[in-house]
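This is the structure, below, for whatever I ask next.
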Amino acid sequence: MKINSRRCKIGKFTDRITYGIELVISAIIIVTAITLLYNIISYQILKGHIWDMGAETFRILLGQLLNITVGIEFVKLLIKQRITELIEVVLLVITRQIVVQHLTVLQMLMGVVAIGVLFMIRKYLLLELERKSEETKGTL
């Protein structure tokens, strides 16, 4: 009995430590995202570089903005720790790769198929599970 209570205490302690580390990582990601967003705004918009931007510069800017978005979604994933958040992060990462990178037609097709599969998983598996869990909560 004593061993189980010690394991339980150790488990709770490690849960607290890992949660604290996740919060620190989340804070670092948020600070980095804010810094990058400030740099983008100050350089591109305030200095007027946005008006004489070429296609390559726009692709780089879009990549930076999508990186910030992925970082913010990753923070949501660390905090909420739900499978739906994971799917959203993976969707954003795949979408970023398709939009920003120069991919072959086959790579783009694979990305589009992956996005379709993730949407199907989200719609038919996860949303159904959430509905069922809400229905069971309502009956209790």
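Bear in mind that the values in this text are calculations on the coordinates, not laboratory data. Model, not experiment: these values are computed from the prediction. No Cβ is skipped: glycine too gets one built from the backbone with ideal geometry, and neighbour counts run over all protein chains shown.
Relative contact order of the chain: what whole-number percent is it, with Cα pairs under 8 angstrom and at least 6 residues apart?
Contact order relative to length: 21 percent.
Which pairs in the list K9/K76; K80/K123; K12/K123 are over 25 Å apart, alpha-carbon to alpha-carbon?
Numbers: K9/K76 27 Å; K80/K123 19 Å; K12/K123 34 Å.
The pairs that break the limit, which is 25 Å between Cα atoms, are K9/K76; K12/K123.
Tilt of helix 83-100 relative to the longest C-alpha principal axis of the chain, in degrees (0 to 90, nearest 10)?
Roughly 20 degrees, rounded to the nearest 10.
Right, something else. When the Debye formula is applied to the Cα atoms of the chain, each taken as the same point scatterer, what base-10 log of I(q)/I(0) results at q = 0.12, 0.21 Å⁻¹?
The computed values of log10 I(q)/I(0) come out as -0.75, -1.21.
State which stretch of the chain is the longest one without any exposed trypsin sites (Lys or Arg not before Pro), exposure meaning a DSSP loop state and at most 15 other Cβ atoms within 10 Å.
Numbers: sites that count: K47, R82.
My reading of the result: 83-140 is the longest stretch.
What dipole magnitude, in Debye to the nearest 20, does the chain give about its Cα centre under +1 on Lys/Arg Cβ and -1 on Asp/Glu Cβ? It would help to have the intermediate numbers written out before the result.
Values: 17 positive and 11 negative charges, 174 e Å.
That gives a dipole near 840 debye.
Using only Cα atoms and rounding to the nearest 10 degrees, what angle (0 to 90) does helix 2-40 make with the longest principal axis of the chain?
Between the helix axis and the principal axis of the chain, the angle is about 10 degrees.
Of V112, V70, L86, which is farthest towards the positive pole of segment 2-139's charge dipole, taken about the Cα centre with +1 and -1 on the beta-carbons of Lys, Arg and Asp, Glu respectively?
Looking along the dipole axis, the top candidate is L86.
What is the helix-to-structure angle for 105-120, meaning the angle in degrees between its Cα long axis and the longest Cα principal axis of the chain, kept from 0 to 90 and rounded to the nearest 10?
Tilt relative to the chain: about 40 degrees.
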